[in-house]
Amino acid sequence: MAARRPAGKRRATLAGGAELLSQGSDGSQDGGPSAGSGSGASHMIVAVRIRPLSKEELAAGKRSCCEVINGNTVVITKAAASGVYLQSQQAKVNEYAFDCAFGPDATQSQVYEATAKPYIEDLLSGINVTVFAYGATGAGKTHTMGSSGTTCGSGGSSSGSGGGGGGDEAAAASGIMPQSLVDVFRGVEARRRAGSGARAETWSVRVSYLEVYNEQILDLLEPGGCLQVCEDKARGVVKVAGLAERRVASCDEVLRLLRAGNANRKTEATGANAVSSRSHAVLQVSVTRAHHDDCGNDVVRESKLSLIDLAGSERASATNNTGALLRQGASINKSLLSLANCINTLAQNAARASGGGGGSGGAARAPANVKYRDSKLTRLLKTSLEGRCRVVMIANLNPSHHTYDDSHNTLHYANRAKDIKVRAALSALS
């Protein structure tokens with residue numbers, strides 16, 4: 001589902017005097033989330049999901065300030081304060097276009113099939129894929145990713161002749177992680193059955209699960225000391241030294257490990273979220289294919305699916321945190337600010353490369369340095385953000401008018417992320 005990015009900005013006046021400001025990029029149009037491993041640059045896929053207001057929020061008089069139009073546009077409205085005169089206090093409406101957008105009634109299956117599902121085929125072909133959820137605390141990121149360890153179910157997604165779109169109850173209740181795992185194992189099994197004779201292929205799947213907590217990397221499957229990030233410059237990948245990997249044979253086996261890992265993950269109750277993630281969690285699924293080439297040589301190719309549930313940005317005034325929770329929130333905000341800064345710099349560099357940043361005499365400006373080392377989170381995401389794989393960002397919004405500023409900031413950074421260019425390529429052979 002591709003969205004045409006509106007060219008520039010346009011202003012209009014709505015009923016009641018509210019100003020409409022439509023946010024777009026450079027008027028370019030990308031291919032959207034379509035499978036395939038064609039060469040050339042494309043944009044990072046950016047989707048937005050608006051969660052429904054809870055019964056408690058509705059009972060408290062909170063109203064929605066966000067809506068989805070035409071399946072790819074999000075409109076966010078700020079009501080005018082009474083008896084005010086400053087421009088910043090006037091009513092305002094902003095409109096943002098994305099690759100796809102989901103309203104409160106969207107099912108888990110609809111979100112998965114429009115975002116991550118088209119890239120499972122690429123993963124099995126040898127291309128790395130990263131999917132991450134971004135947004136403020138309480139916006140629904142963990143629900144969207146399904147990182148709570150929901151059972152896969154027998155109908156996690158449609159794959160092959162079923163064609164039902166994963167519409168059964170199990171599929172509707174599971175998020176990106178369970179449904180992705182269903183399709184990964186279905187795809188591996190289909191290719192395993194298809195191989196025969198001299199062209200027989202051996203497939204294996206391994207998983208790891210870590211968290212970034214207070215700028216420390218911790219193994220959730222084999223808890224112990226802090227782990228270190230190292231970069232393999234020859235292969236252009238970032239690794240975590242000493243991180244445990246488990247070989248797995250089914251989706252349910254992965255989810256058992258996910259649930260075990262979640263028992264070790266840091267969560268707390270805050271004023272904004274009863275079960276607030278205090279760390280960023282990364283589930284990585286490594287798919288390895290081994291076979292003999294025409295000369296009889298052993299050929300091994302490994303690709304990775306990285307599924308990331310980010311902790312939410314926090315305002316101390318909204319969470320009422322003190323002590324350790326306040327320090328955790330500051331650490332979360334620091335890493336998310338580093339991520340936002342990397343997104344901004346990458347978007348600026350992409351604009352310069354496309355001709356929007358030429359200097360005097362038409363000379364192109366050198367790209368700005370992207371500060372990945374400002375945070376452990378951005379160091380882990382370096383390979384993905386640099387565009388060496390398929391990347392999907394799902395921005396999650398709490399539609400309450402009380403969280404307007406948080407939701408607007410999320411939309412702002414998601415809008416910048418649209419400009420990041422990716423050049424996915426097959427992973428190296430060994």
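The values are calculated or read from the model by the stated rules, or taken from the named source; none is laboratory data. What you see is a predicted model, and the numbers here were worked out from it, not measured in a lab. All Cβ positions, glycine included, derive from the backbone under ideal geometry; neighbour counts span all protein chains shown. Remember, those area values only see protein heavy atoms, side chains included, never the ligands or the DNA or RNA. Shrake-Rupley method; radii C 1.70, N 1.55, O 1.52, S 1.80 Å.
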*asked:* Pairs needed: first member in the range 368-391, at pLDDT below 90; second member anywhere, open to solvent by 40 Å² or more (accessible area, probe 1.4 Å); C-beta distance under 6 Å; at least 6 residues apart or different chains.
replied: GLY387/LYS421; GLY387/ARG423
*Only residues that are acidic (Asp, Glu), in a strand (DSSP E or B) and open to solvent by 50 Å² or more (accessible area, probe 1.4 Å): list them for the range 205-242, please.*
GLU231
*VAL254 touching a Cys at 6+ places or on another chain (Cβ under 8 Å) and modelled with pLDDT of 90 or more*: no
*Just give me the residues in the range 127-159 being part of a loop (DSSP other than H, G, I, E, B), in contact with a Gly (Cβ under 7 Å, 6 or more places away or on another chain) and modelled with pLDDT of 90 or more, in sequence order.*
ALA139
*Can you tell me which residue among SER208, SER204, SER250 is hydroxyl-bearing (Ser, Thr, Tyr) and within 22 Å of the chain's Cα centre (by Cα)?*
SER208
*Of the conditions (1) open to solvent by 60 Å² or more (accessible area, probe 1.4 Å); (2) among the basic types (Lys, Arg); (3) at pLDDT 95 or above, ARG51 clears all except one; give me its number.*
(1)
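Taking the condition farther than 30 Å from SER125 by Cβ, open to solvent by 40 Å² or more (accessible area, probe 1.4 Å) and modelled with pLDDT of 95 or more, does GLU56 pass?
Details: farther than 30 Å from SER125 by Cβ: yes; open to solvent by 40 Å² or more (accessible area, probe 1.4 Å): yes; modelled with pLDDT of 95 or more: no.
In short, no.
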*Among residues belonging to the range 187-204 that are small (Gly, Ala, Ser) and closer than 19 Å to LYS304 by Cα, point out the one that is most open to solvent (accessible area, probe 1.4 Å).*
ALA190
*Kindly indicate the residue of the range 89-105 that is among the aliphatic types (A, V, I, L, M) and at pLDDT below 95 and also surrounded by the most Cβ atoms within 10 Å (Cβ to Cβ) among those meeting that condition.*
VAL93
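Yes/no matrix, rows are residues, columns are (1) assigned to a strand (DSSP E or B); (2) modelled with pLDDT of 85 or more:
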residue: VAL188; (1), (2): no, yes
residue: ARG191; (1), (2): no, yes
residue: TRP203; (1), (2): yes, yes
residue: ARG265; (1), (2): no, no
residue: VAL287; (1), (2): yes, yes
_Filter result (within 25 Å of the chain's Cα centre (by Cα), of a type in the set (S, T, N, Q), open to solvent by 10 Å² or more (accessible area, probe 1.4 Å) and at pLDDT below 90) within the range 296-322_ = SER313
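Scan the range 245-254 for residues that are touching a strand residue (DSSP E or B) at 6+ places or on another chain (Cβ under 8 Å) and either part of a strand (DSSP E or B) or surrounded by fewer than 16 Cβ atoms within 10 Å (Cβ to Cβ) (or both) and report the count. Spell out the reasoning first.
Going residue by residue through the range 245-254, those that are touching a strand residue (DSSP E or B) at 6+ places or on another chain (Cβ under 8 Å) are 245-249, 254.
Retained after the next criterion (residues that are either part of a strand (DSSP E or B) or surrounded by fewer than 16 Cβ atoms within 10 Å (Cβ to Cβ) (or both)): 245-249.
The qualifying residues number 5.
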*Can you tell me which residue in the range 341-366 is modelled with the highest pLDDT, limited to those that are more than 22 Å from the chain's Cα centre (by Cα), in a helix (DSSP H, G or I) and farther than 20 Å from SER42 by Cβ?*
GLY362
